[in-house]
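Visitor: The structure follows.
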Ligand code: HEM
């Protein structure tokens with residue numbers, strides 16, 4: 001299959017933006033469910049929060065932080081295209097967005113105490 005347009009950082013930025021947007025939207029009901037544990041009382045929420053201390057949950061949380069940071073930075077890049085004068089430095093903007101997302105994930109890991 002010949003898809004040369006996929007050989008461009010801006011296409012990958014689009015793909016990451018769409019996938020991260022969908023993943024965040026899928027996570028949202030889960031997040032509300034987790035907060036809803038508080039309805040069952042303080043102990044129910046505390047029990048759930050203790051469970052989230054396990055390494056696998058922290059790993060998934062790191063992925064979520066990277067996705068949110070990628071979506072935030074990528075979204076700001078799209079909004080800049082929309083509202084600011086055109087800049088030909090789109091590859092640099094994609095690289096800055098990716099760097100920001102990875103740095104956010106790394107900062108999160110430092111805070112968790114894993115990295
Ligand atoms: C953190 C701040 C956010 C910013 C700055 C942002 C920005 C944007 C922008 C500009 C678009 C349109 C992209 C385009 O037209 O190419 C978009 C799409 C989208 N966003 Fe966000 N967003 C943010 C947070 C979120 C959150 C928290 C969610 C989910 C809970 C989300 C879900 C989506 C989805 C599903 C799309 C559609 C993706 C697509 O059709 O390719 N966004 N976002």
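The values are calculated or read from the model by the stated rules, or taken from the named source; none is laboratory data. Everything quoted here is computed from the prediction, not taken from an experiment. Counting neighbours? That spans all protein chains shown, and the Cβs are built from the backbone with ideal geometry, glycine included.
Visitor: Would you please name the residue that is farthest from the ligand (Cβ to nearest atom), looking only at residues in region 16-56 that are within 19 Å of residue 74 (Cα to Cα) and either loosely packed, with under 11 Cβ neighbours inside 10 Å or more than 20 Å from the chain's Cα centre (by Cα) (or both)?
Guide: Initial filter on region 16-56 (within 19 Å of residue 74 (Cα to Cα)): 16-27.
Going one step further and asking which of them are either loosely packed, with under 11 Cβ neighbours inside 10 Å or more than 20 Å from the chain's Cα centre (by Cα) (or both), we end up with 25-26.
Values: 25: 4, 26: 8 Å.
Among those residues, the one meeting the criterion is 26.
Visitor: Moving to a separate point now. Contact list please: Cβ distance under 7 Å, first residue in region 7-20 and under 7 Å from residue 94 (Cβ atoms), second residue assigned to a helix (DSSP H, G or I) and more than 9 Å from the ligand (Cβ to nearest atom), pairs at least six apart or on different chains.
Guide: 9/91; 9/94; 10/90; 10/94; 13/94; 13/97
Visitor: Give all pairs with beta carbons closer than 6 Å in which a residue from region 48-59 that is more than 16 Å from residue 35 (Cβ to Cβ) meets a residue that is at pLDDT below 95 and in a helix (DSSP H, G or I); count only pairs at least 6 apart in sequence or on separate chains.
Guide: 58/112
Visitor: Regarding region 92-109, can at least one residue be identified that is within 15 Å of the ligand (Cβ to nearest atom) and free of Cβ contacts under 8 Å to residues at least 24 places away in the same chain?
Guide: yes
Visitor: Shifting gears a bit: Kindly establish whether residue 71 is without any contact (Cβ under 8 Å) to a residue 60 or more places away in the chain and surrounded by 14 or more Cβ atoms within 10 Å (Cβ to Cβ). It would help to see each step written out before you state the result.
Guide: On the way: without any contact (Cβ under 8 Å) to a residue 60 or more places away in the chain: yes; surrounded by 14 or more Cβ atoms within 10 Å (Cβ to Cβ): yes.
Here the answer is yes, as residue 71 does meet what is asked.
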